[in-house]
1. Accessible area, 1.4 Å probe, largest first: how do V14, V68 sort?
2. Relative to the present Cα-Cα distance, how much length would full extension add between A108 and V42 at 0.36 nm per residue of separation?
3. How much length would be gained if the chain were fully extended between L87 and A13, taking 0.36 nm per residue of separation minus their Cα-Cα distance, in nm to one decimal?
4. So, taking all protein chains as they sit and a 1.4 Å probe, how much accessible area belongs to W93, in Å² rounded to tens?
5. Given a 1.4 Å probe and the protein chains all in place, what does the accessible area of I53 round to, in Å² to the nearest 10?
6. Mind giving me the FRET efficiency for S3 and I57? R0 is 25 Å, r the Cβ-Cβ distance, nearest 0.05 is fine.
7. Report V34's accessible area, 1.4 Å probe, all protein chains in place, as a number in Å² to the nearest 10.
Amino acid sequence: MDSKVAVHCAIAAVLGIIAASTGFAGEATRVSEVFMVLDSCVYPNSPALALGIVSAIFTIITRIYISVWFGSGCCRSDPNSTPITKLLFVLSWVASVIAVILLLTAAALNNRQGGQIDSYGYITCYVVKPGIFAAGAILALLSAVFGIGAYLTISSVTQAATGPTGPLPVGAGVDLEKYPQQYTPQQYTHQQYPPQQHPPQQYPPQQ
């Protein structure tokens, strides 16, 4: 693997891990119990709101980084893109969008004040269901994984298309303009041969 490719993949992986880590931290610190004070819902202080927003921001940053450095139009214009590359690229976009929606929704519900009176006259307080933050974190990580996979598949195809760097045999199916050959001049030694002696030929006298 090229060092430049490895660096870009490592940066995208780190961004995806940060987005997933903050999302899982939001799941661990989400509000699960709400107190009732004077017919109103009181939510305890929790860092889940900030963690969910940070996770969503890093998911967006990861998406932008993958689109800029790995190529946002690899599925449309790159001739080296394969069906697997296109599938991974689409899955990366879908995972990013769903992850951002889940993380922001969970963060908003986690800090929602007040409540809603149902048909029976009881106040209903909103709490984040278990697994919403975690699902967003998993999708944020999968978005980075799919993006890196799409980039690796298209880069491997590009490297295979360039062909080997060494000299290629000249023959049928080899484009000499694409793969110019270099030949070393061969030195030939002068060989000495003894002069050939031909016997004199006798011709009949002309009359």
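The values are calculated or read from the model by the stated rules, or taken from the named source; none is laboratory data. The model shown is predicted, which means the values in this text are computed figures rather than measured ones. Because the Cβ atoms are built from the backbone with ideal geometry, glycine has one as well, and the counts that use them run over all protein chains shown. All accessible areas refer to the heavy atoms of the entire protein, side chains included, with ligands and DNA or RNA removed. Shrake-Rupley method; radii C 1.70, N 1.55, O 1.52, S 1.80 Å.
1. On the way: V14 80, V68 100 Å².
Ranking V14, V68 by accessible area, largest first, yields V68, V14.
2. Details: separation 66, 0.36 × 66 = 23.76 nm, distance 1.46 nm.
Taking 0.36 nm per residue and subtracting the Cα distance, the gain is 22.3 nm.
3. Details: separation 74, 0.36 × 74 = 26.64 nm, distance 1.91 nm.
Between L87 and A13, full extension yields 24.7 nm more.
4. Surface accessible to solvent at W93 totals approximately 110 Å².
5. Looks like 70 Å² after rounding.
6. Values: r = 29 Å, r/R0 = 1.15.
Efficiency for this residue pair is about 0.30.
7. 40 Å²
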